[in-house]
1. Tell me the label-point distance for the pair E206, R244, using the 7 Å Cα-to-Cβ offset, in nm and rounded to one decimal.
2. Determine how many Å³ per residue the convex hull of the Cα atoms of the chain encloses.
3. Please sort 169-178, 7-16 by packing, taking for each peptide the average over its residues of neighbouring beta carbons within 10 angstrom, highest first.
4. Highest mean first, what order results for 27-37, 230-240 on Cβ atoms within 10 Å?
5. Tell me which residues come under 5 Å, amide H to amide H, from L88 once H is placed; ignore anything under 5 positions away on its chain.
6. In degrees from 0 to 90, rounded to the nearest 10, what is the angle of the helix 24-38 Cα long axis to the longest principal axis of the chain?
7. For region 41-54, take each phi angle, set θ = phi - 60°, evaluate the Karplus expression 6.51 cos²θ - 1.76 cosθ + 1.60, and give the result in whole Hz per residue in order, putting x for glycine and proline.
8. For D134, what charge total do you get from the other residues with a beta carbon under 13 Å from its beta carbon, if Lys and Arg give +1 and Asp and Glu give -1?
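No value in this document is a laboratory result; all are computed from the given coordinates. Fair warning: this is a prediction, and the values are worked out from it, not measured in the lab. Methodologically, a virtual Cβ is constructed for each residue, glycine included, from the backbone with ideal geometry; neighbour enumeration extends over all protein chains shown.
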Amino acid sequence: MDNYAMDSYGNAFAHLFDAVNGDEQEIKNAVALLVDYAGEGPVLEAGIGTGRIGIPLAGKGLTVHGIEISEKMAERLREKPGGERVRLVVGDMTEHRFGTPFSLVYIAQGGLHSLLTAAQQVQCLKNLSAQLADGGRLVVESLTLDQSRFVRNQYVEVTMMDVGYVALSAAVHEPERQIVNVQSVLLTSEGVQMFPLRYRHYSASELDAMAAQAGLVLQDRWADWERNPTFPAQTRFISVFAKRAG
């Protein structure tokens, strides 16, 4: 995917993102967990997307800032009821500084994976850690890679199908770089839509090591936003880091 850019996924997928990721109970669980760590705020969501979590979090009375690299995602957020509550910046979460100490910074929906090298992921964690207030927390939702889906480091599968459409997903894994290249294809009577995605996967232990380079130490970890214990076959994990004293 030589022509893939940081905003390629968001710009292509923004109009469908909420339909695919609109599990209301999961959103409620995420907001409940984040409220418990936020204190009185303010809060920053890095990679806020369409505001699926940031807007309801702001509805709890917290001041929520958001940064998003995709203008199309940002447009969807601004159009939503309550979107005006989020103090939104279109920019790069690895570099932008808000000049405000946050009680809570969080990255949901595997946003850290969108950075395609360990160095970029560490830089992002350092930048976010630097914006934490004393006693602040960084929460990271990470996704796990299901190796069983791949044969010779690739797969093609049907993800959805009905009378009027079929959705396919094709992926190629680059194990040495820990990168997965995905092309999701939606075929309908009206034509073809393509949604490219590249991401770098990492283990929980690698995330902890990268966080340590950013002056962060693991405080809690769960398998999901409901705070269930982690287990080997989990599809994601939620990590809570505290800023190391001194």
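1. Once both label points are built, they end up 2.1 nm from each other.
2. 135
3. Listed from highest to lowest mean packing, they are 7-16, 169-178.
4. Peptide ranking by packing, descending: 27-37, 230-240.
5. G66
6. 20
7. Rounded to whole hertz, the list is x, x, 10, 10, 9, 8, x, 6, x, 8, x, 4, 9, x.
8. +3
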